[in-house]
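Asks: Submitted below is the structure of interest, expressed as structure tokens.
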Amino acid sequence: MSGARAAILAGIRRGLKRGALSGDARAELESRLAGPPVGPVPDRSRANHALPIDLFESMAAEVAATLERLPDSEAVPGAVARYLKANNLPAALRLAPADDLQALPWDSEPLLSVEAGPADPGDQVSVTGAFAGIAETGTLMLLSGPAGPTTLNFLPDNHIVVLRASDVVGPYEAAWERLRARNGRGSLPRTVNFITGPSRTADIEQTIQLGAHGPRRLHILLIDDRDESAS
């Protein structure tokens, strides 16, 4: 533990008039960390695996995101090219440097310019993956790291997210459980971003404005890999 962190925690303990944890108090804390309690979960998030995918699509549409279902990952480059053409966008994108995204057959779209890495201010389109989709609110859960620079989530006006159906869960609690299971105890990404639709604000005369603090368009490519994950 760094000296600064120790000093901050000591100051909090003093403010709470509590000493260092020991005995039963420490055992109770360790138990809570090992099995975090689950709060109330909406009924709509408790359904079987088929329904969360439909619910995710419906809720994503409610928050002005667009979604296209794809039969497999090989269809992603073509879907990206079609989206750019349909929205009169340049055939160029900044790709998250994740192995699974870079392995896609981008050469099947020879007119598409693909560069991997963090976003630059001039980039208009980014393509990233997502750790999970949360059906409860149509929300995407994205993790920061070398394979997922956070700038890709906020700088370009157009954000395209590749999401696997097997990564769609019902409630937020299930997404956190998946993250803890993957990373192990005491290890989390530096940043976890929850993205629910395009960036928006109603600060100006209570009128919704898209793209206020990030992308003005959010397009989700949902790969139906349920049969693959069940085999």
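Asks: Taking the Cβ of HIS159 as the centre, find all other residues whose Cβ is under 10 Å away and add up their charges (Lys, Arg: +1; Asp, Glu: -1).
Replies: +1
Asks: To check you understand DSSP bridge types, tell me what percent of the beta bridges within the chain (both residues inside) are antiparallel, rounded to 5.
Replies: Of the beta bridges lying entirely in the chain, close to 30 percent run antiparallel.
Asks: Could you give P(r) for the stretch 46-230, binned at 10 Å from zero, as whole percent values over all Cα-Cα pairs?
Replies: All Cα pairs considered, the percentages come to 9, 37, 38, 14, 1.
Asks: Computed from the mean reciprocal separation of all distinct C-alpha pairs, what Kirkwood hydrodynamic radius does the stretch 1-148 have, in Å?
Replies: Taking the inverse mean of 1/r over all distinct Cα pairs, the stretch 1-148 comes out at 19.8 Å.
Asks: Go ahead and run the numbers for FRET between ARG178 and GLU28, Cβ-Cβ distance against an R0 of 22 Å, rounding to 0.05.
Replies: About 0.30, to the nearest 0.05.
Asks: Separate question: Please work out the FRET efficiency for the pair GLU62 and GLU115, using the Cβ-Cβ distance as r and a Förster radius of 35 Å; give the result to the nearest 0.05.
Replies: For GLU62 and GLU115, the calculated efficiency is 0.60.
Asks: What number results when the radius of gyration of the stretch 79-157, computed over Cα atoms, is divided by 2.2 N^0.38 Å?
Replies: 1.11
Read-outs: derived from the displayed coordinates by stated rules, not from any lab. Model, not experiment: these values are computed from the prediction. Because the Cβ atoms are built from the backbone with ideal geometry, glycine has one as well, and the counts that use them run over all protein chains shown.
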